[in-house]
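Participant: Quick one: structure below, then a few questions.
The values are calculated or read from the model by the stated rules, or taken from the named source; none is laboratory data. Everything numeric here is computed off the predicted structure, so don't read it as measured data. Reconstructed Cβ throughout: ideal geometry from the backbone, glycine too, with neighbour counts over all protein chains shown. All accessible areas refer to the heavy atoms of the entire protein, side chains included, with ligands and DNA or RNA removed. Shrake-Rupley method; radii C 1.70, N 1.55, O 1.52, S 1.80 Å.
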Amino acid sequence: MKALRFNEYGQPDVLQVTDMEQPTPGPGEVLVRVAAAAINPSDVKNVAGLFSATLPRTPGRDFSGIVVSEGAWQGKAVWGSGAGFGVVRDGAQREYLCLPADWLSEMPANLSLPEAATVGVPYVTAWTALVRAGDIRSGETVLITGSNGAVGRAAIQIAHWKGARVIAVGRSDHPSEADVAINTSKEDLQAVVVEATGGRGVDMVLDAVGGPMFEPALKTLRQGGRQVAITSAGMRRVEFDLMDYYHSQLHLIGVDTMKLTGIEIASILDALRPGFESGALTPAPYSLSSIEGARKAYASLSAGKDSQKQVIVFD
């Protein structure tokens with residue numbers, strides 16, 4: 001089989017297409033013929049060495065494909081986002097992969113294989129933050145920073161699906177599915193939130209930016225509100241007024257999806273399936289690449305030249 005590999009950390013030019021032996025499933029495992037594998041920003045960071053992946057390694061967390069090994073799953077179309085993929089075990093950007101059967105989730109029948117491959121990390125992250133950690137409830141107002149990104153877009157859809165109102169925050173006038181969109185490059189975040197919530201504040205913040213956005217987002221919360229942090233762009237340390245924090249009885253919650261198990265990820269994908277089948281959730285626009293063109297696709301994502309999801313497809 002062909003697999004994308006990196007033997008050292010670096011820019012996308014360290015990636016090579018390599019011929020490898022097709023894996024053999026062990027006890028409790030299945031063999032999946034990969035149809036499509038998405039490229040996420042975290043994959044670029046992984047190749048650069050941010051996650052200290054053991055080398056040599058095949059990158060890629062998200063995939064779709066067909067189970068080809070014998071058993072109850074044989075012939076089924078599946079989607080996944082493997083635990084530890086690309087870091088402590090070979091990832092999805094290869095023609096075949098083995099994984100435990102209880103890591104499998106059957107993909108929605110109304111999605112194509114490339115569409116299903118785009119779902120993984122963005123939707124699993126958004127679901128973990130909003131539903132598992134944030135306990136989102138119908139009728140609440142949620143503020144989402146980094147709303148123009150893949151996780152932000154997924155979070156807007158999931159929040160609406162759960163009956164919440166959404167205030168999206170970004171640095172451009174990018175089209176948004178949110179109820180209220182704030183461009184912080186020319187609008188005052190606090191003022192718009194005060195007006196949009198009648199002075200009450202939002203029930204929850206999903207902070208998909210961190211760094212300089214952390215404290216301004218925190219100040220938009222109502223009494224007893226909760227803020228979920230999933231990243232910190234540009235700076236790791238933040239400041240906020242501790243007295244305001246405890247007087248307002250706020251809650252801070254951290255989420256790291258790299259800590260999810262394969263069984264947990266499969267469970268989340270199972271929970272997302274009805275949203276895609278009903279049309280409440282829709283895959284992001286994507287661009288296709290062969291495995292031979294994967295290095296160029298990585299470079300495009302790394303340089304921020306393409307707003308569409310990059311997906312490697314296999315014949």
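Participant: Hand me the list of strands (runs of 3 or more DSSP E) wholly inside the range 70-160 holding 3 or more residues that are at pLDDT 95 or above and under 30 Å from residue 21 (Cβ atoms).
Facilitator: On the way: elements: 77-81, 96-100, 141-145.
Qualifying strands (runs of 3 or more DSSP E): 77-81, 96-100.
Participant: When the residues of the range 1-33 are narrowed to those that are charged (D, E, K, R) and within 18 Å of residue 301 (Cα to Cα), which ends up nearest to the chain's Cα centre (by Cα)?
Facilitator: 5
Participant: With 179, 207 as the choices, which residue is within 14 Å of residue 155 (Cβ to Cβ), at pLDDT 95 or above and open to solvent by 70 Å² or more (accessible area, probe 1.4 Å)?
Facilitator: So the residue among 179, 207 that is within 14 Å of residue 155 (Cβ to Cβ), at pLDDT 95 or above and open to solvent by 70 Å² or more (accessible area, probe 1.4 Å) is 179.
Participant: Only residues that are polar (S, T, N, Q) and either assigned to a strand (DSSP E or B) or surrounded by fewer than 24 Cβ atoms within 10 Å (Cβ to Cβ) (or both): list them for the range 16-45, please.
Facilitator: Of everything in the range 16-45, those that are polar (S, T, N, Q) and either assigned to a strand (DSSP E or B) or surrounded by fewer than 24 Cβ atoms within 10 Å (Cβ to Cβ) (or both) turn out to be 16, 18, 22, 24, 42.
Participant: Could you please let me know if residue 83 is touching a helix residue (DSSP H, G or I) at 6+ places or on another chain (Cβ under 6 Å), small (Gly, Ala, Ser) and closer than 17 Å to residue 262 by Cβ?
Facilitator: For residue 83, the condition - touching a helix residue (DSSP H, G or I) at 6+ places or on another chain (Cβ under 6 Å), small (Gly, Ala, Ser) and closer than 17 Å to residue 262 by Cβ - is met.
Participant: Working only within the range 74-132, note down all residues that are among the aromatic types (Phe, Trp, Tyr) and open to solvent by 40 Å² or more (accessible area, probe 1.4 Å).
Facilitator: Those that are among the aromatic types (Phe, Trp, Tyr) and open to solvent by 40 Å² or more (accessible area, probe 1.4 Å): 96, 103.
Participant: Can I ask one more? Of all residues in the range 185-205, which are out of contact with any Ser or Thr (no Cβ under 7 Å at 6 or more places or on another chain) and assigned to a strand (DSSP E or B)?
Facilitator: 204
Participant: Do any strands (runs of 3 or more DSSP E) entirely within the range 211-313 hold 3 or more residues that are buried (at least 21 other Cβ atoms within 10 Å of the Cβ) and within 19 Å of the chain's Cα centre (by Cα), and if so, which?
Facilitator: Fully inside the range 211-313 and qualifying: 221-229, 309-313.
Participant: Counting only residues that are open to solvent by 10 Å² or more (accessible area, probe 1.4 Å) and in contact with a strand residue (DSSP E or B) (Cβ under 6 Å, 6 or more places away or on another chain), which one in the range 58-71 is farthest from residue 12 (Cα to Cα)?
Facilitator: Selected residue: 69.
Participant: So, one more: Evaluate the following for residue 4: is it surrounded by fewer than 23 Cβ atoms within 10 Å (Cβ to Cβ) and not in a helix (DSSP H, G or I)? Spell out the reasoning first.
Facilitator: On the way: surrounded by fewer than 23 Cβ atoms within 10 Å (Cβ to Cβ): no; not in a helix (DSSP H, G or I): yes.
No, not satisfied.
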